[in-house]
Structure formats: structure tokens, C-alpha cells
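*Asks:* One structure, pasted below without further comment.
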Amino acid sequence: MAIGAAVVAALAAIVNGALVVLNASGVVVTAISEETGLTAEEVESRTGGIEAIKTAIAESDEFDPLFTRAYAVLISGVLLLVFGLLMRKAATWARVMVTVAALATAGFSLLIATIPEDGTNLMVMLGWAGLAVGLVAIVATWVPANGRYAKAGR
């Protein structure tokens with residue numbers, strides 16, 4: 001269960017970060033449309049199109065916090081995925097690393113989830129999912145059964 005929870009939390013974080021990193025202009029259009037009630041097409045036409053939005057993103061410092069949070073949750077999610085998959089034999093070092101990575105993932109996911117005006121509804125939902133499943137991964141990593149499994153595997 002610990003490995004599964006770690007992988008699910010990691011995937012939620014990776015998708016959440018990748019949404020912004022790979023499609024920043026789409027995230028901005030969606031966030032504006034969700035906030036204003038306009039359709040995405042109306043937002044694009046009023047702002048001058050996707051190219052104008054991409055230029056505004058590149059030239060403005062206003063979106064830096066969004067990108068910082070996206071990279072942070074993406075990196076912590078990748079680390080959680082790697083260490084979660086390495087935890088197959090429940091070694092203590094792997095459980096410690098899963099705990100650290102899950103704490104980082106949960107923290108950055110919470111940050112994204114609690115600032116809904118800076119993202120989309122999907123990002124907020126993935127943030128809450130990453131937080132909840134990340135906490136489950138931490139608890140499941142340290143249940144006594146994992147310790148007994150690790151000792152039996154030696």
C-alpha cells in the first residue's frame with residue numbers, strides 16, 4: 001500500500017507541475033476564464049490571442065510564483081516516484097527518502113491547492129489529491145508491517 005500511495009501522490013504532483021510547465025499559456029487562459037466566467041475563446045480574443053499571452057508570460061514577472069510552485073511540485077513528485085519505486089524491499093533508507101519526498105510533495109501540493117486564484121480548478125484538485133495521498137504514503141511507509149517485511153527480506 002505504501003508504494004501505491006507514493007506512486008499515486010507522485011503522479012498527481014507530476015501532472016500538476018507539468019500542466020504549468022508544458023502549457024503555461026493554456027493554464028493562464030483557463031484560469032482567467034474560470035475567474036471571469038468567459039469562455040477560453042473569449043479570453044483569447046480579448047487578450048490578443050495565444051501568442052500575445054505567451055509574450056506576456058515571458059516578459060512579466062507576475063507569473064514567476066506560479067512557475068516556481070510548478071517546478072517545485074514537479075521535482076518533488078519525480079523524487080517521490082523514484083524513491084517510492086525503490087522502496088520495494090522496504091529498506092530503511094528508502095522509507096526515509098519516501099518520507100522526505102512525500103513531505104515536500106504534500107507541502108507544495110498544499111501550497112498550490114490553497115491559492116486557487118493562481119491556477120485552474122484541475123490544479124487545485126490535483127493539489128488536494130497530492131496532499132491527501134502524500135500523507136497516506138507517509139503513514140503507510142512507517143506501519144509496523146513494513147518493518148517486519150524489511151526484516152524478513154534480509
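*Asks:* Scan the stretch 57-108 for residues that are outside any helix (DSSP H, G or I) and of a type in the set (A, V, I, L, M) and report the count.
*Replies:* Of the residues in that region, 2 qualify.
*Asks:* Going by the conditions given, is Ser45 among the hydroxyl-bearing types (Ser, Thr, Tyr), open to solvent by less than 40 Å² (accessible area, probe 1.4 Å) and in a helix (DSSP H, G or I)?
*Replies:* Here the answer is no, as Ser45 does not meet what is asked.
*Asks:* A further question on this structure: Within the stretch 131-150, work out how many residues are outside any helix (DSSP H, G or I) and either open to solvent by 70 Å² or more (accessible area, probe 1.4 Å) or in contact with a Lys or Arg (Cβ under 7 Å, 6 or more places away or on another chain) (or both).
*Replies:* The qualifying residues number 1.
*Asks:* Regarding Gly77, is this residue under 14 Å from Val7 (Cβ atoms) and over 12 Å from the mean Cα position of the chain (by Cα)?
*Replies:* Considered against the rule, which asks whether it is under 14 Å from Val7 (Cβ atoms) and over 12 Å from the mean Cα position of the chain (by Cα), Gly77 comes out as no.
*Asks:* Of the conditions (1) exposed (fewer than 13 other Cβ atoms within 10 Å of the Cβ); (2) within 19 Å of Thr30 (Cβ to Cβ); (3) without any contact (Cβ under 8 Å) to a residue 40 or more places away in the chain, Asn121 fails just one. Which one is it?
*Replies:* Here Asn121 meets the rest and fails (3).
*Asks:* Pairs needed: first member in the stretch 133-154, under 12 Å from Arg95 (Cβ atoms); second member anywhere, of a type in the set (Val, Ile, Thr) and at pLDDT below 90; C-beta distance under 8 Å; at least 6 residues apart or different chains.
*Replies:* From residues that are under 12 Å from Arg95 (Cβ atoms), the pairs are Ala150/Thr92.
*Asks:* Would you check which residues across the stretch 43-84 are over 30 Å from Met97 (Cβ atoms) and of a type in the set (A, V, I, L, M, F, W, C) and list them?
*Replies:* Those that are over 30 Å from Met97 (Cβ atoms) and of a type in the set (A, V, I, L, M, F, W, C): Val43, Ile50, Ala52, Ile53, Ala56, Ile57, Ala58, Phe63.
*Asks:* Would you confirm, using the coordinates I've provided, whether Ala94 is of a type in the set (A, V, I, L, M) and either more than 26 Å from Ser25 (Cα to Cα) or without any contact (Cβ under 8 Å) to a residue 40 or more places away in the chain (or both)?
*Replies:* Judged against the criteria, Ala94 is a match.
*Asks:* Considering only the stretch 102-118, state which residues are polar (S, T, N, Q) and buried (at least 20 other Cβ atoms within 10 Å of the Cβ).
*Replies:* Thr105, Ser109
*Asks:* Another question, if that's okay. Residues of the stretch 36-66 being under 24 Å from the mean Cα position of the chain (by Cα) and within 19 Å of Thr120 (Cβ to Cβ), which ones?
*Replies:* Ala40, Ile53, Lys54, Ile57, Ser60, Glu62, Phe63, Asp64, Pro65, Leu66
*Asks:* Tell me whether the stretch 4-17 contains one or more residues that are modelled with pLDDT under 85 and touching a Leu at 6+ places or on another chain (Cβ under 9 Å).
*Replies:* No: zero hits.
*Asks:* Here's something else I'd like to know. Can you list residue pairs whose Cβ atoms sit under 6 Å apart, with the first residue in the stretch 54-65 being open to solvent by 50 Å² or more (accessible area, probe 1.4 Å) and the second being in a helix (DSSP H, G or I)? Count only pairs 6 or more apart in sequence or on different chains.
*Replies:* The qualifying pairs are Lys54/Ser25.
*Asks:* Also, I was wondering about something else. Taking the criterion of being under 20 Å from Met123 (Cβ atoms), of a type in the set (Val, Ile, Thr) and touching a helix residue (DSSP H, G or I) at 6+ places or on another chain (Cβ under 8 Å), would at least one residue in the stretch 88-100 satisfy it?
*Replies:* No: zero hits.
The values are calculated or read from the model by the stated rules, or taken from the named source; none is laboratory data. From a predicted model like this one, the values you see are computed outputs, not experimental measurements. Because the Cβ atoms are built from the backbone with ideal geometry, glycine has one as well, and the counts that use them run over all protein chains shown. Calculation scope for accessible area: heavy atoms of the full protein, side chains included, ligands and nucleic acids excluded. Shrake-Rupley method; radii C 1.70, N 1.55, O 1.52, S 1.80 Å.
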